[in-house]
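Asker: Got a structure for you, questions after.
What follows draws every value from the coordinates through simple rules; no lab data is involved. Keep in mind it's a predicted model, so treat the numbers as computed, not measured. Every residue, glycine as well, gets a Cβ built from its backbone with ideal geometry; the counts of neighbours run over all protein chains shown.
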Amino acid sequence: MTYKLDKVTIRLKNDAEGIGKIRELFADIVSGDIPLLFNSDKELIEGIAPVSEYSNYESDESGEYDLSVIAVEKEFFKNLENEVSKGKFVKYDVAGEDIITCAQTAWKQVWQDQKNKKINRSFNIDYESTVPEEFTSDGKAHCMLYIGVKP
């Protein structure tokens, strides 16, 4: 029987152990051991992209939260952009040398904006889409964050 997952979730904190869990999760997804981008026969599924969904926050970025990696189609991003235009999310788009540095830079910017009260995070749900440099036209990694904010 062939199957595929639409979502896989882990619970973690922003500490060394949590970062290790994230790396392990993505290694399993990219290898096809967790059939999110591939079906259970390890065949790549066309037309989908992985997106990280942050939710179920215990408190803020210092507490535990759920990280779900979801398989989405193009329409997902159109819907998110619509939510940005409604003021429900703030979008951060950062380019860098590699996806790890790029994501770290993007999140540092969010935390700085939060500290400086430029944004008022809802800690309800946030999304992250990262694209490795080998898949972009400019040769840079890209990280887009959609941060849920209070009105």
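Asker: Just list whichever of 4/150; 74/118; 7/91; 21/88; 86/117; 13/117 have alpha carbons separated by over 25 Å in the model shown.
Answerer: Table pairs above 25 Å Cα-Cα are 4/150; 74/118; 21/88.
Asker: Taking amide H atoms as placed 1.01 Å from N in the peptide plane, list the residues 5 or more away in sequence, or in a different chain, whose amide H sits under 5 Å from that of residue 34.
Answerer: It is 29, by chain and number.
Asker: Would you kindly derive the ³J(HN,Hα) couplings of the range 51-65 from the backbone phi angles with the Karplus curve 6.51 cos²θ - 1.76 cosθ + 1.60 (θ = phi - 60°), listing them in order in whole Hz, with x for Gly and Pro?
Answerer: 10, 8, 10, 9, 7, 6, 5, 5, 8, 9, 5, 8, x, 6, 7
Asker: Show me, for the range 135-146, the HN-Hα J-couplings you get by feeding each phi into the Karplus relation (A = 6.51, B = -1.76, C = 1.60, θ = phi - 60°), rounded to Hz, glycine and proline as x.
Answerer: 3J(HN,Hα) across the range 135-146, in whole Hz: 10, 10, 6, 9, x, 10, 6, 10, 10, 10, 10, 10.
Asker: Hey, another quick one. How large is ³J(HN,Hα), in whole Hz, for each residue of the range 120-131 in order, when computed from phi with the Karplus curve 6.51 cos²θ - 1.76 cosθ + 1.60 and θ = phi - 60°, using x for Gly and Pro?
Answerer: Taking θ as phi minus 60°, the curve returns 10, 5, 8, 6, 9, 7, 9, 10, 9, 10, 10, 10 Hz for the range 120-131.
Asker: Run the simple label-point estimate for residue 104 and residue 83 please: 7 Å along Cα→C-beta, distance reported in nm.
Answerer: Going by the 7 Å Cα→Cβ label model, 2.8 nm.
Asker: Okay, moving on. Once each part is reduced to its C-alpha centroid, what is the distance from the range 99-142 to the range 62-83 in angstrom?
Answerer: For the range 99-142 versus the range 62-83, the Cα centre distance is 13 Å.
Asker: Using Cα atoms only, what is the angle between the long axis of helix 16-31 and the major principal axis of the chain, expressed in degrees (0 to 90) to the nearest 10?
Answerer: Tilt of helix 16-31: around 40 degrees.
Asker: What is the Cα coordinate range of the range 74-151 on the first, second and third principal axes, sorted by size from largest, in whole angstrom?
Answerer: For the range 74-151, the Cα spread along each principal axis is 37, 30, 16 Å.
Asker: If you don't mind, another one. Let me check against my output: what whole-number percent is the relative contact order of the chain, with C-alpha pairs under 8 Å and at least 6 apart?
Answerer: This gives 23 percent for the chain.
Asker: In whole Å, what three semi-axes, largest first, describe the equivalent ellipsoid of the range 1-72 built from its Cα gyration tensor (square root of 5 times each eigenvalue)?
Answerer: For the range 1-72, the semi-axes come out at 25, 12, 9 Å.
Asker: Determine which residues of the range 1-38 fall in the zone a paramagnetic label at residue 111 would reach in this model, i.e. backbone nitrogen under 20 Å from the point 7 Å along Cα→Cβ.
Answerer: Those under the cut-off are 11-24.
Asker: Taking the beta-carbon count within 10 Å as an exposure proxy, list 72, 131 from fewest neighbours to most.
Answerer: Starting with the residue having the fewest Cβ neighbours, the order is 131, 72.
Asker: Turning to a different aspect of this structure: Could you compute how fast the range 10-123 diffuses translationally, taking Rh as the Kirkwood radius over C-alpha pairs and applying Stokes-Einstein at 4 °C with viscosity 1.567 mPa s? Give it in µm² per second.
Answerer: Answer, rounded: 81 µm²/s.
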